[in-house]
1. I'd like the residue in the stretch 66-87 that is assigned to a loop (DSSP other than H, G, I, E, B) and under 13 Å from the mean Cα position of the chain (by Cα) and, out of all such residues, is surrounded by the most Cβ atoms within 10 Å (Cβ to Cβ).
2. Every residue in the stretch 6-18 that is crowded, with 23+ Cβ neighbours inside 10 Å and over 9 Å from the mean Cα position of the chain (by Cα), please.
3. Kindly check whether there is at least one residue in the stretch 45-61 that is within 12 Å of ligand 1 (Cβ to nearest atom), touching a residue at least 24 places away in the same chain (Cβ under 8 Å) and not acidic (Asp, Glu).
4. Examine the stretch 22-35 for a residue that is surrounded by fewer than 17 Cβ atoms within 10 Å (Cβ to Cβ), under 20 Å from Ala115 (Cβ atoms) and within 16 Å of ligand 3 (Cβ to nearest atom), and state whether such a residue exists.
5. Mind listing whichever residues of the stretch 119-175 are among the aromatic types (Phe, Trp, Tyr) and farther than 30 Å from Leu52 by Cβ?
6. Being assigned to a helix (DSSP H, G or I), surrounded by 15 or more Cβ atoms within 10 Å (Cβ to Cβ) and under 17 Å from the mean Cα position of the chain (by Cα) is the filter here, so list the residues in the stretch 110-157 that pass it.
7. For the stretch 31-43, which residues satisfy the criterion of being in contact (Cβ under 8 Å) with a residue 12 or more places away in the chain and either away from ligand 1 (no atom under 14 Å from the Cβ) or of a type in the set (Phe, Trp, Tyr) (or both)?
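Nothing in this text is a laboratory measurement; each read-out follows from the coordinates by a stated rule. Since we're looking at a predicted model, the values are computed, not measured. Cβ atoms come from the backbone with ideal geometry, glycine included; neighbour counts cover every protein chain shown.
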Amino acid sequence: MDSNLYLVGFMGTGKSTVGRLVARQTGFAFLDSDHEIERQQGKPVTQIFAELGEPAFRAMEREFIERGHPAKRCVVSCGGGLVVTPGMLPVLRARGVVICLHAPIETILERTRHATHRPLLTVDNPEQRLRDLYAQREEIYRRSGTMVLTDKRPLREIAAHVLRIYRQEAGPAGK
Ligand SMILES: Nc1ncnc2c1ncn2[C@@H]1O[C@H](COP(=O)(O)OP(=O)(O)O)[C@@H](O)[C@H]1O
Ligand SMILES: O=C(O)C1=C[C@@H](OP(=O)(O)O)[C@@H](O)[C@H](O)C1
Ligand SMILES: [Mg+2]
């Protein structure tokens, strides 16, 4: 059982935090798509958006998923928009197990309130932006993979749940 595990879902659902924990527990490598792109570009995601634009960032995400990471034994925390780009979900599915983290919008608003590293939220009304994006994307996340609820749940419990699903879906009958 060594296929990759991809965590997808909206901003603030805990992909980066939970992914790190699951990687530690499995001994898999931990890769966060945002961090990998930042490392490769030598600048933060906010600067990439400002200087090169969102489409360029989406192309970097695609490149990272298609050619930029090992095929086995990785936990990959995907940036929230990665799986929204048309054509990305089949690529993730072909490469491993896709699990979607979920939280209600009120919890997302709370968890993202003080962060400054998400360029989509550096607007006059970040709350409205989050509500709009959440509504636009909800259906895509719902269809992306087995859903894990994260609201009012401790991180270690979420990580254990993710790991259980991974073992079921990557097991002998799976990948
Ligand atoms: N289950 C949880 N309970 C409480 N806080 C959480 C939980 N999951 C994530 N957080 C917090 O929410 C914020 C966003 O988490 P992060 O892992 O960066 O999400 P994502 O990568 O999905 O955007 C962080 O401050 C993190 O500590
Ligand atoms: O939802 C999005 O489009 C984005 C989510 C971010 O990642 P997180 O989901 O880890 O915050 C990051 O990739 C970028 O700011 C764009
Ligand atoms: Mg993240």
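1. Pass one, the stretch 66-87, residues assigned to a loop (DSSP other than H, G, I, E, B): 68-71, 73, 78-81, 85-87.
Of the ones still in play, those that are also under 13 Å from the mean Cα position of the chain (by Cα) are 78-81, 85.
Working: Cys78: 26, Gly79: 24, Gly80: 23, Gly81: 20, Thr85: 16.
In this case the residue turns out to be Cys78.
2. Gly12, Val18 - these are the residues of the stretch 6-18 that are crowded, with 23+ Cβ neighbours inside 10 Å and over 9 Å from the mean Cα position of the chain (by Cα).
3. yes
4. If we filter the stretch 22-35 for residues that are surrounded by fewer than 17 Cβ atoms within 10 Å (Cβ to Cβ), which is where we start, we get 24-25, 27, 29, 35.
Still in the list and also under 20 Å from Ala115 (Cβ atoms): 35.
Adding the requirement that they be within 16 Å of ligand 3 (Cβ to nearest atom) leaves 35.
Checked against the condition, which is being surrounded by fewer than 17 Cβ atoms within 10 Å (Cβ to Cβ), under 20 Å from Ala115 (Cβ atoms) and within 16 Å of ligand 3 (Cβ to nearest atom), the stretch 22-35 yields at least one hit.
5. Result: Tyr166, single match.
6. Arg111, Thr112, Pro119, Leu120, Leu121, Leu130, Leu133, Tyr134, Arg137, Ile140, Tyr141, Ser144
7. If the condition is that a residue be in contact (Cβ under 8 Å) with a residue 12 or more places away in the chain and either away from ligand 1 (no atom under 14 Å from the Cβ) or of a type in the set (Phe, Trp, Tyr) (or both), then Gln40, Gln41 are the ones that fit.
Conditions (1) basic (Lys, Arg); (2) over 16 Å from the mean Cα position of the chain (by Cα); (3) surrounded by fewer than 21 Cβ atoms within 10 Å (Cβ to Cβ); (4) under 30 Å from Glu106 (Cβ atoms), marked per residue:
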residue	(1), (2), (3), (4)
Lys43	yes, yes, yes, no
Gly53	no, yes, yes, no
Glu61	no, no, no, yes
Phe64	no, no, yes, no
